[in-house]
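Colleague: If you scroll down you'll find the structure; I have some questions about it.
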Amino acid sequence: MPELKEVKGIGPKSLSLLNKINIYTIEDLVTHYPFRYEILQRNNINEIADGEKIITDGKVESVPILMRFKAGLNKMNFRLVTPSGVVGVSIFNRAFLKSQLIVGTGITVIGKLDKTKNVITASDIKMGVLTNKVKIEPVYHCTSGLTNKNLSTYINMALLMYGKEIPDYIPEEYREKYNFLNKKTALNIIHNPSTNEKLKEVTIRLKYEELFEFMFKINYLKEQNKKEQNGLQRNIDKKELKKFIDKIPFKLTKDQQQACNEIISDLESPSRMNRLLQGDVGSGKTIVAFIAMFANYLSNYQSALMAPTEILAMQHYLNLKKFLNNTKVKVELLTGSMSKKDKLAIYKGLKDGSINIVIGTHALIQDEVEYNNLGLVITDEQHRFGVHQRANLQNKGIKPDVLYMSATPIPRTYALTIFGDMDVSTIKERPAGRQKIATYVKKNSEIKEVLEMMYSDLKQQHQVYVIAPLIEENENSDLTNVYKLKDQMKLAFKDLYKIDIVHGKMATGAKDIIMEQFKNNEVQILISTTVVEVGVDVPNATTMVIFDADRFGLSTLHQLRGRVGRGTSKSQCILISDSDAERLKIMEKEDDGFVISEEDFKLRGHGDLFGTKQSGDMAFKIANIKSDYKILLQAKKDSREFLLNKDPKDKELKNKLIASIMKVN
């Protein structure tokens, strides 16, 4: 497949903007699906009341007259012949359209009608007339500098040039069985639908394909686990393990003890462990993982814990070092930003077995990393890693036991479908001393009260998180962004407190420095996107303020809320939104992540349960586990049947799918 820059019209600047929204390949581009559609239906001018919205098409009758004003403003006037007669059109700040609005050109105008003057003040002009009086216009997630029209042009050019080369992940036998259109045709229709019926037809086809590919990978890993029942044999010294647990400076909850017992039993069993450890925010899953790694060390095996961010990996490393003080266990940290010299020293220690435990990011699964006797693999926040990445870490050892950790509780029905034969340990109890976080829903008009609540905490030498949903302004969005918020906070608090920003698109090193400064109270107000959803423990942070809270799922809000309340001081979470108040009120009443997870699933579907759009394989582009559950079940059944068929028609696709699982994502 050619590179993205080969698509006609995509230059270096466009390439950089596309990368900003996670489009790196031609396949990424053509599967960047519209998140909604605008239905443009032609109105009859004679039937529209004065001042109402109008959509009409017609032909340009006069050469547009462009008037320029001060401060970069401009206005363009021309006449349009419509099916209802001639009408004047005025549009502001669209001077670039003048060269396209040639007399006789067919266009569609959207705007407000002034009946007295017989003029439409247009908000938008689209080239081309409506077909059958209706046009379905795709709307995409964009970024500043990249318009909906740009994206649509690039997508259609890519389909024209390379549409036949886009891989189809549905085997031929199932395409025939369900009478699915070919991939290129389906993509053309989803980006340029002519009717609702056609749009529905290809949407089902593309959802099925996405779920088929995902369930094939899951089914393959399950089958591999079944074949590899001969796990590692261990003889764990229970006295030494008890000594380690007794030295922990707090008492384990009953749920933590139960989870430990289940994991130790798995480690001693001849079968390979394949277990999900799920627990609410702050329920104490990490200490259970530490105990598991110590038990694994007592059997002379190495352990590897993979975290999604360097910040979280560092936190685990420092915490584990404290617990392992006065033991002979050698633990090291391995991340992508480390120097080559430090990495080489760790590679050597892992290969010769002198390092017992390694904690790191995806750096743990790079080709250069070889383990001496890897016996236990743990992935923290498992939904943030793709199937490929999780499989790759497992394959670094000879049948190591596998433990997945997740702070995002998953409703049982869906967990059974997706994780199937995986055993599940659940921690619901809160450790002693953890307080309930007071939660309030406020409107934007109550911002003064919110600032006073923040100031009250700041005066007590506490710190504050402020969350915004966007990094930068999008021309189609009025959502609050981190830079705008920083200006507002500086205005509100003058120079009394240090304010800084952190977001996912920053360089890892820069992000870590700011997080470290916040941890050390060198920064008092941290403005961030959801990058802090999983991050460093800052016990001194007692207030969480979330702007545009209606844009987040309840599970994400609960995760964010869990960043405060980690010390002994009372903590609060303030959700700011002018809409969706009823849904957000659940957060005021409920602090049980499992209950919130169920509510979120009923209201929103899978999106926030399994991570954001940047989060591995669970962030589907078009499918939704809740609303497409029937398609998921069928895709699960078909993909398993295809996997177990030793002589399928589409053998090449089967081999390609299996090969892709083994690659680092």
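Read-outs: derived from the displayed coordinates by stated rules, not from any lab. This is a predicted model, so every value here is computed, not measured. Every residue, glycine among them, receives a Cβ derived from its backbone with ideal geometry; neighbour counts consider all protein chains shown.
Colleague: Show me, for the stretch 354-370, the HN-Hα J-couplings you get by feeding each phi into the Karplus relation (A = 6.51, B = -1.76, C = 1.60, θ = phi - 60°), rounded to Hz, glycine and proline as x.
Modeller: 6, 9, 8, 9, 10, 10, x, 9, 4, 4, 5, 10, 5, 4, 5, 7, 10
Colleague: Work from the charge dipole of the chain (Cβ charges, +1 for Lys and Arg, -1 for Asp and Glu, about the Cα centre) and give the residue of 188, 48, 526 farthest towards its positive end.
Modeller: 526
Colleague: Further question: What is the calculated FRET efficiency for residue 520 to residue 579, with r their C-beta to C-beta distance and R₀ = 35 Å, to the nearest 0.05?
Modeller: 0.40
Colleague: Give me 544, 314 sorted ascending by neighbouring Cβ count inside 10 Å, so fewest comes first.
Modeller: 314, 544
Colleague: While we're here: How big is the shadow of the Cα convex hull of the chain, averaged over all directions, in nm²?
Modeller: Mean projected area for the chain: 33.1 nm², to one decimal.
Colleague: Tell me, what is the FRET efficiency for residue 321 and residue 352 to the nearest 0.05, using R0 = 30 angstrom and their Cβ-Cβ distance as r?
Modeller: The calculated FRET efficiency here is 0.90.
Colleague: Taking a cut-off of 18 Å between Cα atoms, list the aspartates and glutamates near residue 519, but don't count ones fewer than 8 places away on the same chain.
Modeller: 310, 457, 500, 533, 537
Colleague: Taking the mean number of other Cβ atoms within 10 Å as a proxy for protection, how do you rank 295-305, 644-654 from highest to lowest?
Modeller: Descending packing order for the listed peptides: 295-305, 644-654.
Colleague: Got a sec to turn the phi values of the stretch 45-58 into Karplus ³J(HN,Hα) couplings, 6.51 cos²θ - 1.76 cosθ + 1.60 with θ = phi - 60°, whole Hz, x for Gly and Pro?
Modeller: Karplus values, whole Hz, x for Gly and Pro: 3, 5, 9, 8, 6, 4, x, 7, 5, 9, 10, 9, 10, x.
Colleague: Let me ask something else about it. Dipole size in debye (nearest 20) for the stretch 165-321 around its Cα centre, Lys and Arg Cβ +1, Asp and Glu Cβ -1?
Modeller: Using Cβ point charges on Lys, Arg, Asp and Glu, the stretch 165-321 gives about 580 debye.
Colleague: Expressed as a rounded percentage, what relative contact order does the stretch 43-129 have, with Cα pairs under 8 Å and six or more residues apart?
Modeller: 33
Colleague: From Cα pairs below 8 angstrom and at least 6 apart in sequence, can you work out the relative contact order of the chain, rounded to a whole percent?
Modeller: 13
Colleague: Work out the length of the dipole vector of the chain about its Cα centre, built from +1 on the beta-carbon of each Lys and Arg and -1 on the beta-carbon of each Asp and Glu, and round it to the nearest 20 debye.
Modeller: 500
Colleague: Determine which lysines satisfy two conditions relative to residue 348: a Cα distance under 27 Å, and not lying fewer than 8 residues away in the same chain.
Modeller: 321, 322, 328, 330, 340, 396, 399, 663
Colleague: Please give me, ordered by residue number, the chymotrypsin sites (Phe, Trp or Tyr not before Pro) of the stretch 226-294 that lie in loop per DSSP and have at most 16 other Cβ atoms within 10 Å.
Modeller: Listed in order of number, the matching sites are 250.
Colleague: Under the rule a/c < 1.5 gives rounded, and otherwise a/b versus b/c splits prolate from oblate, where does the stretch 438-590 land using the Cα gyration tensor?
Modeller: Since a/c stays below 1.5, the shape of the stretch 438-590 is classed as rounded.
Colleague: Out of the trypsin sites (Lys or Arg not before Pro) in the stretch 99-188, which ones are loop residues according to DSSP with at most 12 other C-beta atoms within 10 Å?
Modeller: Those that pass, being in a loop and sparsely packed, are 117.
Colleague: I've got another one for you. May I ask which of 20/164; 75/117; 13/621; 343/511 have a Cα-Cα span longer than 23 Å here?
Modeller: Pairs exceeding the cut-off: 20/164; 13/621.
Colleague: Something else about it: Can you find, among 120, 65, 80, the residue farthest towards the positive end of the dipole of the stretch 43-129? Put +1 on the C-beta of Lys and Arg, -1 on that of Asp and Glu.
Modeller: 65
Colleague: Could you give the size of the charge dipole of the stretch 438-590 about its Cα centre, using +1 on the Cβ of each K and R and -1 on the Cβ of each D and E, expressed in debye and rounded to the nearest 20?
Modeller: 420
Colleague: Here's something else I'd like to know. Suppose R0 equals 30 Å; then what is the FRET efficiency for residue 645 and residue 37 from their Cβ-Cβ distance, rounded to the nearest 0.05?
Modeller: 0.20
Colleague: Just want the answer: with Cβ charges of +1 for Lys and Arg and -1 for Asp and Glu, which residue in 271, 507, 23 is farthest toward the dipole's positive end in the chain?
Modeller: Value computed over the given set: 507.
Colleague: While we're here: Subtract the Cα-Cα distance of residue 328 and residue 181 from 0.36 nm times their separation in residues, and report this length gain in nm to one decimal.
Modeller: Difference between extended and current length: 46.7 nm.
Colleague: I need the GluC sites (Glu not before Pro) found in the stretch 161-232, filtered to DSSP loop residues with at most 16 other beta carbons within 10 Å of theirs.
Modeller: For GluC sites (Glu not before Pro) across the stretch 161-232 that sit outside H, G, I, E and B with at most 16 neighbouring Cβ atoms in 10 Å, the list reads 228.
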